[in-house]
Amino acid sequence: MMKVSLLQMNIIPGNLIANRENAAQLINKAALQHPDTVVLPEMWTTAYQLEGISSICDKYGEPTNDMIGAIAAEKKINIVAGSYASLEEEQVFNTAYIF
């Protein structure tokens, strides 16, 4: 049997730092239940704040990838990091990352 934790969170549009901190707290709380996998919502770092998103989003998934990867390794859980905006070669992509 596989145990999955689905996370819902209040996303603050455009506030990546607060959203990352909130996600980390929720993942750590979910990890107490020993899930195999934790799943975050779509566009959880920025919300759908599309105007000006290229100036606020991650570049090639960083630093969010480092943060989520470290938590996944520490807690020994799989994390489907929902999706988040990532600027790659002048284009913004809504990218799903799995750790």
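The values are calculated or read from the model by the stated rules, or taken from the named source; none is laboratory data. The shown structure was predicted, so the numbers you read here are calculated from the model rather than taken from an experiment. Cβ atoms come from the backbone with ideal geometry, glycine included; neighbour counts cover every protein chain shown. Just the protein is used for accessible areas: all its heavy atoms, side chains included, with ligands, DNA and RNA removed. Shrake-Rupley method; radii C 1.70, N 1.55, O 1.52, S 1.80 Å.
Cβ separations smaller than 6 Å between residues 6+ apart or across chains give the following pairs from the range 75-99 residues that are touching a residue at least 24 places away in the same chain (Cβ under 8 Å) to residues that are basic (K, R) and open to solvent by 80 Å² or more (accessible area, probe 1.4 Å): L87/K59. Here is a check on your reading of the model: is A96 small (G, A, S) and open to solvent by 40 Å² or more (accessible area, probe 1.4 Å)? So A96 passes the test. Residues considered: I68, I27, I56. Of these, the only one that is open to solvent by less than 70 Å² (accessible area, probe 1.4 Å) and closer than 16 Å to K3 by Cα is I27. Looking at P41, P35, just one residue is over 15 Å from the mean Cα position of the chain (by Cα), of a type outside the set (V, I, T) and at negative phi, and that residue is P35.
Inspect all residues belonging to the range 62-69 and state whether any of them is hydroxyl-bearing (S, T, Y), in a strand (DSSP E or B) and in contact (Cβ under 8 Å) with a residue 40 or more places away in the chain. Checked the range 62-69: no residue is hydroxyl-bearing (S, T, Y), in a strand (DSSP E or B) and in contact (Cβ under 8 Å) with a residue 40 or more places away in the chain.
Look at A81 and say whether it is open to solvent by less than 20 Å² (accessible area, probe 1.4 Å) and not hydroxyl-bearing (S, T, Y).
Yes: the conditions hold for A81.
Answer yes or no as to whether L87 is touching a strand residue (DSSP E or B) at 6+ places or on another chain (Cβ under 9 Å) and buried (at least 16 other Cβ atoms within 10 Å of the Cβ). When the stated conditions are applied, L87 passes them. Listed by first and then second residue, the pairs linking a residue in the range 1-17 that is more than 14 Å from T64 (Cβ to Cβ) and outside any loop (DSSP other than H, G, I, E, B) to a residue that is of a type in the set (S, T, Y) and open to solvent by less than 100 Å² (accessible area, probe 1.4 Å), with Cβ atoms under 8 Å apart and 6 or more places separating them unless they lie on different chains, are V4/T37; S5/T37.
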